[in-house]
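Colleague: Got a structure for you, written out below as structure tokens; questions coming shortly.
The values are calculated or read from the model by the stated rules, or taken from the named source; none is laboratory data. Everything numeric in this text was worked out from a predicted model, so none of it was measured. Note that we place each Cβ from the backbone using ideal geometry, even for glycine, and neighbour counts take in every protein chain shown. Just so you know, the surface numbers come from the protein's heavy atoms only, side chains and all, with ligands and any DNA or RNA stripped out. Shrake-Rupley method; radii C 1.70, N 1.55, O 1.52, S 1.80 Å.
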Amino acid sequence: SDAYFNLAQNSGFVGDLDTGVRATHTMFNPPHPWFREDLTTTTNPNPDDLCNHGTSVIGILNGNSNSGASLRGVSGITVDSFKVYTNCGLNVSAAIQGFQRAVAVGDRVIVAEMQDAEPETSGLSQAADAAFDAGAVVVAANGNFGPGAGTVRAPANAEKVLGIGAMDLASQTTPSYQGLGPAADGRIKPDLQAPTNVE
């Protein structure tokens with residue numbers, strides 16, 4: 001038991017817009033009470049993760065300790081998975097629908113694991129801002145297209161979204177690949193930096 005891990009249980013829900021999730025992974029068994037939806041197709045939906053990204057992200061957020069206590073997720077909160085990638089490429093219309101769906105099922109934090117080369121006036125960034133207006137905190141990857149100025153990607157470039165960058169803990173530097181601001185209207189990005197190159 002861990003006070004911080006237990007703190008988030010029954011206190012809300014997180015939505016992850018990503019590549020899906022492999023629900024059979026040991027870190028999710030016994031099964032979680034979550035939404036797992038493939039928003040990329042209506043004809044043959046498959047919410048499983050074919051790109052090995054969404055599974056990792058959700059595992060970091062709320063995976064159990066079946067693989068050892070040191071690999072357990074940071075929280076016991078429920079994380080819903082909305083697959084918005086087709087063949088490991090972002091499906092923008094699915095991502096826009098993902099913001100709407102996450103809000104509709106009550107997710108109050110939305111993790112947008114995407115980086116689209118569109119301005120903050122794009123439909124994707126506007127959908128992220130609309131999710132904020134509906135009561136959700138939206139965090140998005142700043143993107144991996146640095147190091148030049150103005151390389152922050154959508155939806156991290158949106159006005160009401162927290163753009164998240166990286167800080168390499170081994171070298172104590174910002175990785176050269178990190179997308180940077182300013183946004184087109186001069187806002188500084190990233191808003192926050194999180195540790196990388198560490199387990």
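Colleague: Restricting to region 134-175, count the residues that are farther than 25 Å from Gln97 by Cα and among the charged types (D, E, K, R).
Modeller: Qualifying residue count for the region: 1.
Colleague: A follow-up question, please. Is it true that some residue in region 125-137 is at positive phi, free of Cβ contacts under 8 Å to residues at least 60 places away in the same chain and in contact with a helix residue (DSSP H, G or I) (Cβ under 8 Å, 6 or more places away or on another chain)?
Modeller: Within region 125-137, one or more residues are at positive phi, free of Cβ contacts under 8 Å to residues at least 60 places away in the same chain and in contact with a helix residue (DSSP H, G or I) (Cβ under 8 Å, 6 or more places away or on another chain).
Colleague: Cβ-Cβ below 7 Å, separation at least six or inter-chain, first residue in region 97-120 and farther than 15 Å from Ile58 by Cα, second open to solvent by 10 Å² or more (accessible area, probe 1.4 Å) and part of a strand (DSSP E or B): which pairs?
Modeller: Arg101/Glu37; Gly106/Phe13; Arg108/Phe13; Arg108/Val137; Gln115/Ala141; Asp116/Leu90
Colleague: Would you please name the residue that is least open to solvent (accessible area, probe 1.4 Å), looking only at residues in region 49-72 that are in contact (Cβ under 8 Å) with a residue 24 or more places away in the chain and out of contact with any helix residue (DSSP H, G or I) (no Cβ under 9 Å at 6 or more places or on another chain)?
Modeller: For region 49-72, the residue satisfying everything is Gly54.
Colleague: Got a number for residues in region 100-128 being in contact with a Phe, Trp or Tyr (Cβ under 9 Å, 6 or more places away or on another chain), open to solvent by less than 40 Å² (accessible area, probe 1.4 Å) and closer than 17 Å to Glu159 by Cα?
Modeller: 6
Colleague: Any idea how many residues of region 142-199 are hydroxyl-bearing (Ser, Thr, Tyr) and in a strand (DSSP E or B)?
Modeller: Residues of region 142-199 hydroxyl-bearing (Ser, Thr, Tyr): 151, 171, 173-174, 176-177, 196.
In the following step, the residues that additionally are in a strand (DSSP E or B) were identified as 173, 196.
Of the residues in that region, 2 qualify.
Colleague: Only residues that are surrounded by fewer than 15 Cβ atoms within 10 Å (Cβ to Cβ) and either at positive phi or more than 15 Å from the chain's Cα centre (by Cα) (or both): list them for region 185-194, please.
Modeller: From region 185-194, those surrounded by fewer than 15 Cβ atoms within 10 Å (Cβ to Cβ) are 185-186, 188, 192, 194; that's our starting set.
Passing the criteria: Asp185, Gly186, Ile188.
Colleague: If you don't mind, another one. Please tell me if Val14 is assigned to a helix (DSSP H, G or I) and buried (at least 17 other Cβ atoms within 10 Å of the Cβ).
Modeller: Details: assigned to a helix (DSSP H, G or I): no; buried (at least 17 other Cβ atoms within 10 Å of the Cβ): yes.
Considered against the rule, which asks whether it is assigned to a helix (DSSP H, G or I) and buried (at least 17 other Cβ atoms within 10 Å of the Cβ), Val14 comes out as no.
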